[in-house]
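Undergrad: First the structure, then my questions, so here it is.
The values are calculated or read from the model by the stated rules, or taken from the named source; none is laboratory data. What you are looking at is a predicted structure, and each value in this text was computed from that prediction instead of being measured. We place every Cβ from the backbone using ideal geometry, glycine too, and count neighbours over all the protein chains shown. Side chains included, ligands, DNA and RNA excluded: accessible areas come from the protein's heavy atoms. Shrake-Rupley method; radii C 1.70, N 1.55, O 1.52, S 1.80 Å.
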Amino acid sequence: MANLRTSMDAAFYDLRIATPHTLHGSARSIPGEPAPLDGAPSSKLLRMQQLWFLGQGFPLGVIPAYAPPLYSSSQKESGSLSLQTIWSKQPAENWWVGLIGQIRPIKLISSVASEALQADLTLPSIKSVVKNFFDKSFYSIGLMSHLDVGPLTSVVVNVEKDGQRKNRHTKALIHHKAKFYNDININTFVFIVQLPDHDLTLEAAWPELFVDRNGKYWDMPESISLDCASLISESGLRYHFGIHRNGGAAKAALDSGEDPVPIPASLNPGICAKAAFSYEKSKDLWRELETKEDLKLVKRREGSFRNSAYDLRMKEPHAAISGIFGGNCEAWLTNNKRPFGVDLFGSICFAYQHGKFRKDYGDLTRVDARLDVPSVSSISPKLNLILQQQIAGPIVFRVNSRVSLGRGVHIEDVIYSLNYSLRLLESGKVVAWYSPKRKEGMVELRVFEF
């Protein structure tokens, strides 16, 4: 079912959006804006883990991504396609190291071809063409390390240099857990301590990359936050509170100089304390439970296997309705914003699934419709629609869209994706998605995520 949790998490600074603009594969969502599409949040797996796994199936271990130049003076230059690969090693049983390399092949070929056409066959001209191969703007590199220092504690370090930027990005993470929690795509310094039934996160980043509802990216020089989120209880009650500090002046990652966009209010300098609560419930209208007949052995040329669903989360046809209601409050310690604010939010979702996602054809059609009221004061209601259709075997075509129901109904955002479910992972899939609004796309590995 469509993720109701983002209705509350969108008010905080720890919600991450998948993007190919960083080697660690994510940027932060801007708090207070409408909840992102269900297909937008980044994978809970480390990008290093994703690239290692994906490299086993891609030719030469090279994974493609697509995004327009983010820190270039010209959006028209041919630098949109990038190719990533990873060289990994396990020096010890509890230590993994990966070197991520990225090249922008079209930009490189275009530059070399242009130089070659203008040059003659003299030695200095040939040297100039060869020199283009070593232009750092064509490449990015990142070194990542994951060390388990105990059964519940891990340390992640990431040093990243984009050839199109002047500054280097260094990220480190100390993660202490008491349950399976792998959301480690976090920037620069994070310390996580697991309270009983709570996630506690202390994060500091300099700089941090944010993305707004219009697909525009913002650089924040310094970002520090402390968040505590409870797990959902049997009663459906959940809460989340935190404190955040923005340091320095945020600026657009790519400024064309035309029609400057105001800086989002949540990115203004200052300290903000937030708290939110929610009550969530779901009910099946009907459900066809899995039977022993569904799990019978199937004999094929390559052998016999159990006829389990390609994805265990979509193994039963059903219709269900769910909803969430809650409120949040915030207090700012700065002279540029109102000192205190209170708001309410709510969502209601209907899900319908036909098929058991076991057969090779025509065994999965699913529709999820979620109506979000992000705020009772200023933001118009949003209708989020998800359509999933099996193409063949484990391949599913998916469309995520958001429709504004305010003044004039219009489509605000859409993401298209092809999903290849991995039966051996029970609920894992390779997702290749594209966002027309942001003009970017990438390939991710997601496990136990809707």
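Undergrad: From the square roots a ≥ b ≥ c of the eigenvalues of the alpha-carbon gyration tensor of region 1-40, which class results: rounded (a/c under 1.5), prolate (a/b over b/c), or oblate?
TA: On the way: a/c = 2.56, a/b = 1.49, b/c = 1.72.
In terms of gyration-tensor shape, oblate.
Undergrad: Kirkwood Rh and Cα-based Rg: tell me the resulting Rg over Rh for region 361-438, rounded to two decimals.
TA: Over the Cα atoms of region 361-438, Rg/Rh equals 1.08.
Undergrad: What figure in square angstrom, to the nearest 10, would you give for the accessible area of Ser235 with a 1.4 Å probe?
TA: Spelled out: Ser235, probe radius 1.4 Å, area about 60 Å².
Undergrad: Given a 1.4 Å probe and the protein chains all in place, what does the accessible area of Phe133 round to, in Å² to the nearest 10?
TA: Ignoring ligands and nucleic acids, Phe133 comes out at about 100 Å².
Undergrad: Could you work out how far apart the two model spin labels at Lys281 and Arg301 are, taking each label as a point 7 Å from the Cα in the direction of the beta carbon, and quote it in nm?
TA: Distance between the two pseudo-spin positions: 5.4 nm.
Undergrad: How do Tyr352, Tyr361, Tyr420, Tyr13 rank by accessible surface area computed with a 1.4 Å probe, from largest to smallest?
TA: The ordering from most to least exposed comes out as Tyr361, Tyr420, Tyr352, Tyr13.
Undergrad: Another question, if that's okay. Restrict the search to region 206-246; then list the GluC sites (Glu not before Pro) that DSSP places in a loop and that have at most 11 other Cβ atoms within 10 Å of their Cβ. The partial results should precede the final answer.
TA: On the way: sites: Glu208, Glu222, Glu234; in loops: Glu234.
Sparse-neighbourhood loop GluC sites (Glu not before Pro): Glu234.
Undergrad: Run the 1.4 Å probe and let me know the accessible area of Lys283, rounded to the nearest 10 Å².
TA: Answer for Lys283: close to 130 Å² accessible.
Undergrad: What is the distance, in nm, between label points placed 7 Å from the Cα along the Cα-to-Cβ direction at Ser375 and at Phe397?
TA: Placing both labels 7 Å along Cα→Cβ, they lie 3.7 nm apart.
Undergrad: Another question, if that's okay. Of (i) 22.7, 74; (ii) 22.0, 68; (iii) 23.3, 78, which one was derived for Rg and Dmax of the Cα atoms in Å from the structure shown?
TA: This structure yields the entry labelled (iii).
Undergrad: Please arrange Leu45, Leu267 by accessible surface area, largest first, computed with a 1.4 Å probe and ligands excluded.
TA: Leu45, Leu267
Undergrad: Here's something else I'd like to know. Which value at 222 nm does the chain reach when only helices count, each DSSP H run of 4 or more adding -39,500 (n - 2.57), with the total divided by all residues and rounded to the nearest 500 deg cm²/dmol?
TA: Numbers: 4 runs with 36 residues, N = 450.
Result for the chain: -2500 deg cm²/dmol, rounded to the nearest 500.
Undergrad: Next up: Could you pull out the pairs from Lys44/Lys274; Lys127/Lys439; Lys216/Lys382; Lys44/Lys171; Lys274/Lys439; Lys136/Lys251 whose alpha carbons sit more than 28 Å apart here?
TA: Among Lys44/Lys274; Lys127/Lys439; Lys216/Lys382; Lys44/Lys171; Lys274/Lys439; Lys136/Lys251, the Cα-Cα distance tops 28 Å for Lys127/Lys439; Lys274/Lys439.
Undergrad: Heavy atoms only, probe 1.4 Å: what % of the accessible area of the chain goes to carbon and sulfur, would you let me know?
TA: 62
Undergrad: Go ahead and run the numbers for FRET between Leu200 and Arg313, Cβ-Cβ distance against an R0 of 30 Å, rounding to 0.05.
TA: 0.65
Undergrad: Sort Leu99, Leu143 from largest to smallest accessible area, using a 1.4 Å probe on the heavy atoms of the protein chains.
TA: Putting Leu99, Leu143 in descending order of accessible area: Leu143, Leu99.
Undergrad: Still on this structure, I have one more. With a ≥ b ≥ c taken as the square roots of the eigenvalues of the C-alpha gyration tensor of region 402-442, please select rounded if a/c is under 1.5 and otherwise prolate if a/b is larger than b/c or oblate if it is not?
TA: oblate
Undergrad: Starting from the Cα gyration tensor of region 274-345, multiply each eigenvalue by 5, take the square root, and state the resulting semi-axes largest first in whole Å. Display every interim value, and only then the final one.
TA: Details: eigenvalues 499, 57, 9 Å².
In descending order, the three semi-axes are 50, 17, 7 Å.
Undergrad: Quick check on region 1-110: take the gyration tensor over C-alpha atoms, sort the square-rooted eigenvalues as a ≥ b ≥ c, and tell me if it's rounded (a/c under 1.5), prolate or oblate.
TA: Numbers: a/c = 2.28, a/b = 1.20, b/c = 1.90.
Since a/c reaches 1.5 but b/c is at least a/b, the shape of region 1-110 is classed as oblate.
Undergrad: Same structure, new question: How many angstrom lie between the C-alpha centres of region 1-32 and region 277-315?
TA: 29
Undergrad: I've got another one for you. Enter the accessible area per residue of the chain (Å², integer; probe 1.4 Å; all protein chains in place). Intermediate values should be presented prior to the final figure.
TA: On the way: 22180 Å² over 450 residues.
Each residue of the chain exposes 49 Å² on average to a 1.4 Å probe.
Undergrad: Leu383 versus His354, label points 7 Å from Cα toward the beta carbon: distance in nm?
TA: With each label placed 7 Å out from Cα toward Cβ, I get 2.0 nm.
Undergrad: Multiplying the sequence separation of Ser233 and Asn167 by 0.36 nm and subtracting their Cα-Cα distance, what value in nm do you get? Don't jump to the answer; show the numbers that get you there.
TA: Numbers: separation 66, 0.36 × 66 = 23.76 nm, distance 4.37 nm.
Difference between extended and current length: 19.4 nm.
Undergrad: Please sort 86-92, 441-447 by packing, taking for each peptide the average over its residues of neighbouring beta carbons within 10 angstrom, highest first.
TA: 441-447, 86-92
Undergrad: Residues of region 16-46 with backbone nitrogen within less than 20 Å of a virtual label 7 Å along the Cα-to-Cβ line of Asn214, please, listed as ranges.
TA: 17, 27-37, by backbone N distance to the label point.
Undergrad: So, R0 is 30 Å and r is the distance between the beta-carbons of His410 and Phe448; what FRET efficiency does that work out to, to 0.05?
TA: 0.35
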